[in-house]
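Notes follow the structure.
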Amino acid sequence: MNFNRQTSKKERTGDYMVELQNVSVTYAGGVDALNNVSLKINDGDFAFVVGSSGAGKSTMIKLLLKEIDATSGVVTVNNYNLSKLKKRRIPEFRRTLGFVFQDFRLIPSMTVYENIAFVLRVLDSPIKYIRKRVPYVISLVGLQQKTNSYPDELSGGEKQRVAIARALVNDPQLIIADEPTGNIDPELSYEIVELLKGINDQGTTILMVTHEHDLVRHFGGRIINITNGEVVYDEVIAGSGLDMLPEEELAQVMSNAAAETPQYDMPQGESSYYGDMNVDEIISTITASAPVTSEENGGAE
Ligand code: ADP
């Protein structure tokens, strides 16, 4: 079994990593969460997705992970046409992606090393590969000194770095980061984005949802603003380290990116969060790799 990419990132040029073609999502009850959205993200891009609460950002992320299906239109991610992807192939598809969430989703009873190695173990990677790969990704995020620490011995920024290492360990084509700086100190947010930028420099496509104006202003790059289910702005802007965008223009860009804290209920103690879950459920949560049920194995479709 080959644990490296089937095709190198270079070989993938010409394809879009993410493409939404006239995508609409209408929830039961008639809410139009996305309305005729078309969007292309190239292989190797770094894009910020901004927008106020209720704008449709989570709906877009759920579409990209195939947690939900579009009501109409076509969603393609990493060459998988999600509109046609069979249920039993969803785990395979999701393993080509990495995820970083606001709440870290580390397993409290596991060390940093184990939290990361766990993903490869579930994928039946050879032990030799795991022993090489895990320290490597830990070094990429600068946490060598914390290899044997448990999550509750880490700061928020360190926890998120572990989550990023975990997202990287399977060498994903695309990393989707959903408010990755939402639960960490503002000054450490920059480090997290720097880290994601560094990963992007190595060729991994990154889509990051954020509501933090300062980060977007600082880093610049591609900004996609979703408002009321529509893409109202999609441009590349310079970061403040370069030609800083005039304040009024930035205000306009971000006009609908809410300043409010995103709605999120922190679990009451992380251990109880995972306490009742089995291994399949845990891995499903942290990688969004839905456990393959016997029904799916049977090819119900
Ligand atoms: P955001 O992530 O930008 O805050 P969402 O994608 O969560 O926005 O929501 C977009 C719209 O869809 C909102 O009006 C929200 O209330 C609605 N919505 C989200 N999820 C559901 C659902 N499961 N059922 C019905 N309406 C939903």
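What follows is calculated from the coordinates using simple rules that are stated; it is not laboratory data. Computed from a predicted structure; not experimentally measured. Positions of Cβ are generated from backbone atoms using ideal geometry, with glycine treated the same way; all protein chains shown enter the neighbour counts.
Sorted ascending by nearby beta carbons within 10 Å, beginning with the fewest, 197, 128, 57, 86 become 128, 86, 197, 57. When the square roots of the Cα gyration tensor eigenvalues are ordered a ≥ b ≥ c, the ratio a/c for segment 34-188 is 1.5 or more and a/b does not exceed b/c, which makes its shape oblate. As a proxy for reagent exposure, ranking 26, 59 by other Cβ atoms within 10 Å from fewest up yields 26, 59. Distance between Cα centroids, segment 152-189 to segment 43-57: provide it in whole Å. Result: 17 Å between the Cα centres. Residues with beta-carbon under 13 Å from that of residue 111, excluding residue 111: net charge, scoring Lys, Arg +1 and Asp, Glu -1? For residues surrounding residue 111, the net value is -1.
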